[in-house]
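Student: I am attaching a structure below and will ask some questions about it afterwards.
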Amino acid sequence: MRRADRLFQIVQYLRGGRLVTAAQLAEKLEVTPRTIYRDVADLIGSGVPIEGEAGVGYLMRDGYDLPPLMFTSDEIVALVAGARLLRAFGGAKMAASAEEALVKINAVLPDTARARSEAVQVHAINAEEMTPELRNRIDQIEAAVNAQLLLHMAYADEDQRPSQRVVRPLGLWFWGKVWTLVSWCELRQDFRMFRIDRIQTLQEGDRFKSRPGQTLRDFYRRDACWDD
């Protein structure tokens, strides 16, 4: 590991006001405690607000942060591939934000890391099913999940049977070809998953509060229930 990377990792381990000993840092970073002593001394000398001493431990005061831009080669590949997948299959805002994030990251990466980013040959081809309407619907649902807004929707199941639903949106799942909405259905009084491409109309409603037994964590504890 490069020394610059090691210094960055030390700062990451000290985030959040946790007391960490030199021995613990040395074990995580596979160096000697003496190396950690020198590194911490250099970080303090450069202005990083680390407190503590050898033999006791170190902690960093809240409010100090470093941008996590010292990515490994594998992390760069994952970021670029993920952004391209979102650009091809995500919501309109998701795709634009992913593209913008990559531009900002590339602008501050070291030359070698930027070259690796530009050399990633992982691509995703836009599917015909990803219409502008579907992309906007994905963004709308994601915003409702984040704001905890009820959704009123007209839905048609696999057999084209229509129904009116009021749901508590909990999350979005992407299955490689289709997106589904994970929700608590007020009609069924149970968890349900709805294919987004089968939603005919969609409107936001009032805010809702999480209830025990109706959260995404509760859903994960149970078998998934498809639309009915």
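The values are calculated or read from the model by the stated rules, or taken from the named source; none is laboratory data. On a predicted model such as this, the values are computed, not experimentally measured, just so you know. When we count neighbours, we look across all protein chains shown, and the Cβ atoms used for this are built from the backbone with ideal geometry, even at glycine. Accessible surface areas use protein heavy atoms only, side chains included; no ligands, DNA or RNA. Shrake-Rupley method; radii C 1.70, N 1.55, O 1.52, S 1.80 Å.
Student: Of all residues in segment 98-135, count the ones that are in a helix (DSSP H, G or I), under 30 Å from His152 (Cβ atoms) and either touching a Pro at 6+ places or on another chain (Cβ under 6 Å) or open to solvent by 90 Å² or more (accessible area, probe 1.4 Å) (or both).
Tutor: Adding up the residues that qualify gives 2.
Student: Filter segment 151-169 down to residues that are open to solvent by 60 Å² or more (accessible area, probe 1.4 Å) and among the polar types (S, T, N, Q), then give me how many there are.
Tutor: Looking only at that region, the number is 2.
Student: If you don't mind, another one. Only one residue in Asp74, Asp65 is surrounded by fewer than 18 Cβ atoms within 10 Å (Cβ to Cβ) and either among the aromatic types (Phe, Trp, Tyr) or at pLDDT below 80 (or both). Which one?
Tutor: None of the other options fit; the residue is Asp65.
Student: Further question on the same structure: Among the residues of segment 24-38, which ones are open to solvent by less than 70 Å² (accessible area, probe 1.4 Å), in contact with a strand residue (DSSP E or B) (Cβ under 9 Å, 6 or more places away or on another chain) and over 13 Å from Glu53 (Cβ atoms)?
Tutor: Across segment 24-38, the qualifying residue is only Leu25.
Student: Go through (1) assigned to a strand (DSSP E or B); (2) surrounded by 14 or more Cβ atoms within 10 Å (Cβ to Cβ); (3) not polar (S, T, N, Q) for Ala143 and report which single condition fails.
Tutor: With respect to (1) assigned to a strand (DSSP E or B); (2) surrounded by 14 or more Cβ atoms within 10 Å (Cβ to Cβ); (3) not polar (S, T, N, Q), Ala143 is out only on (1).
Student: Also, quick follow-up: Exactly one of these conditions fails for Gln148: (1) open to solvent by 30 Å² or more (accessible area, probe 1.4 Å); (2) at pLDDT below 95. Give me its number.
Tutor: Of everything listed in (1) open to solvent by 30 Å² or more (accessible area, probe 1.4 Å); (2) at pLDDT below 95, Gln148 misses just condition (2).
Student: While we're on this one: When you scan segment 186-213, how many residues do you find that are under 11 Å from Leu170 (Cβ atoms) and open to solvent by less than 30 Å² (accessible area, probe 1.4 Å)?
Tutor: Final tally of qualifying residues: 4.
Student: Turning to a different aspect of this structure: Here is a check on your reading of the model: is Asp139 closer than 19 Å to Arg207 by Cα, of a type in the set (D, E, K, R) and in contact (Cβ under 8 Å) with a residue 12 or more places away in the chain?
Tutor: Yes, satisfied.
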